[in-house]
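**Q** Just dropping this structure here.
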Amino acid sequence: MGERPLMILVGIGYEPHRGYLLRSIAATTDVWLLDHSALSWEKPYVVGGTAVDIRDGAALLAAAREVADGRTVDGILCWDELKMANTAVVAQHLGLPGVSPDVIDRCRDKHRTRGALAAAGVPQPRSVAVSSLAEAESVAADIGYPVILKPRALGASMGVTKVTSPVELPAAYEHTRAQHVDQARYYELGVLVEEFASGPEFSVDCAVVDGATTPLFLARKTSGFAPYFEETGHLVDGADPLFTDPELRAILSAAHTALEFDSGMTHTELRLTPRGWSVIEVNCRLGGDLIPYLGLESTGIDAGRVAAAIACGRPPVLTPTHKTVTAIRFLYPTTPTTVADIHIDTTALPRGTLLATPLATPGTTLAPPPEGHVWGRYAMTAITAPTPAACPPLLDTAEAAITLIPA
């Protein structure tokens, strides 16, 4: 166990959003990257790489087998939700740790998730899958407004819409039904009509080892651009009193058991309603939006290294080393804008700034939701502060130091 394990990483994603994970994992694990393009900025952090269409399951498996030919591969890891199923197939073929493709599908397919949680009595909003506007109208009338419309096969709050009256439903249904990304499965029953769960929204990243679920950190979510639920920021307090709530921990454990998710990393989203915790969804991957980065800064728990250790069948380090507060905010244009430049006045950034990073290059045209989504952001900034209440004004100051210059 003293030797460095060799792990295949399937896809790195957008460097500003996921690069920190690879840099951290590389300190403890030899990484072979399978991705669409040849190695570039990743070179110092990997022992090898293969350019392959990771959307193609057969091509991915062939590339992974080639890596394993003559080498001892200890694990395989992916944090791109749309590539998780192919990655699980590779793990099965190579005899590596991880959950089955069926478990991945049970998390990816939000209708299957609802069914599994309902059968186990896990608290969640009432949810019905529909295939037409007429069905949506009938279900919404039965549930009672407001309702939430949600694509069955997507993530990151894409297409999720709050509908407060029957008059709003036709346009909202058309919008939600039209949302699609490459490699996402198409379902005839493709839209979920759900009861609206009121209350603040949270996420919890968990490590699951041999069926035991360990929460790592809790993030408080900020959403904007109503009636949509664009995720505009997150806050992690290493001493958040809700993190140790016994009811929350029992629900997280029950949800993972219901989904038969017994090995790997998850990102569970919940709301704290007047009736208690309600599970919104369970994602079979590390959290996005740099939430694991906030978790590392706030607790010392390195979720990237935890994920790599579990993927390689090694014991992860799950013990926090400190408790601080961090927060991140994503910046969007107010109207469709073509970028000439993004200027960051580093002298105006507040004390405690962890990062202030452009997310768009000159010539890119951005738009706020619903036309834009994650790809509509022009910059992000993260800060650390002594208390949660101190975060918003510091983020305001950091945001004021970042200027989107239109073309």
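**Q** Between region 52-129 and region 168-216, what is the separation of their alpha carbon centroids in Å?
**A** 17
**Q** Anything over 31 Å Cα to Cα? Flag those among K43/K83; K43/K221; K110/K323, in the order listed. Walk me through the numbers before you get to the answer.
**A** Working: K43/K83 22 Å; K43/K221 34 Å; K110/K323 34 Å.
Where the Cα-Cα span goes over 31 Å, the pairs concerned are K43/K221; K110/K323.
**Q** Simple spin-label model, 7 Å along Cα-to-Cβ: D210 to H36 in nm?
**A** With each label placed 7 Å out from Cα toward Cβ, I get 4.0 nm.
**Q** Please identify, among P336, P358, P241, the residue showing maximal mean-square fluctuation in a Gaussian network model of the chain using a 10 angstrom Cα cutoff.
**A** Greatest mean-square fluctuation among the candidates belongs to P241.
**Q** Hey, could you pull the Cα Rg and Dmax for region 1-98, both in Å?
**A** Cα only, region 1-98: 12.3, 35 Å (Rg, Dmax).
**Q** Can you give me the relative contact order of region 198-323 as a percent, contacts being Cα pairs under 8 Å and 6 or more apart?
**A** Numbers: 235 pairs, mean separation 34.3, N = 126.
In percent, rounded to a whole number, it is 27.
**Q** Related question: Take the alpha carbon gyration tensor of the chain, find the square roots of its eigenvalues, order them as a ≥ b ≥ c, and report rounded if a/c is under 1.5; if not, report prolate when a/b exceeds b/c, else oblate.
**A** On the way: a/c = 1.34, a/b = 1.11, b/c = 1.21.
Rounded, because the longest to shortest axis ratio a/c is under 1.5.
**Q** What's the center-to-center distance, using Cα atoms, between region 238-270 and region 360-407 in Å?
**A** 30
**Q** Counting pairs of alpha carbon atoms under 8 Å apart in space and at least six apart in sequence, what relative contact order in percent does region 316-407 give? All intermediate terms of the calculation are to be shown ahead of the outcome.
**A** On the way: 181 pairs, mean separation 39.3, N = 92.
The value is 43 percent.
**Q** Also: Given an 8 Å cut-off on Cα distances and at least 6 residues of separation, report the relative contact order of the chain as a percent. Intermediate results must be reported in sequence, preceding the final value.
**A** Working: 890 pairs, mean separation 57.0, N = 407.
In percent, rounded to a whole number, it is 14.
**Q** Let me ask another. In a Gaussian network model over the chain where Cα atoms closer than 10 Å are linked, find which of R106, R285, R71 has the largest mean-square fluctuation.
**A** R71
**Q** Listed highest first by mean packing, meaning other Cβ atoms within 10 Å per residue, what order do 360-368, 309-317 come in? Before the final figure, lay out the partial values.
**A** Values: 360-368: 15.0, 309-317: 19.2.
Going from most to least packed, we get 309-317, 360-368.
**Q** Test of understanding: ordering I54, I342 by Cβ neighbours within 10 Å, fewest first, what list do you get?
**A** Working: I54 23, I342 20.
Lowest count first: I342, I54.
No value in this document is a laboratory result; all are computed from the given coordinates. Every value quoted in this text rests on a predicted model; they were computed, and no experiment measured them. Ideal geometry is used to build each Cβ from the backbone, glycine not excepted, and the neighbour counts take in all protein chains shown.
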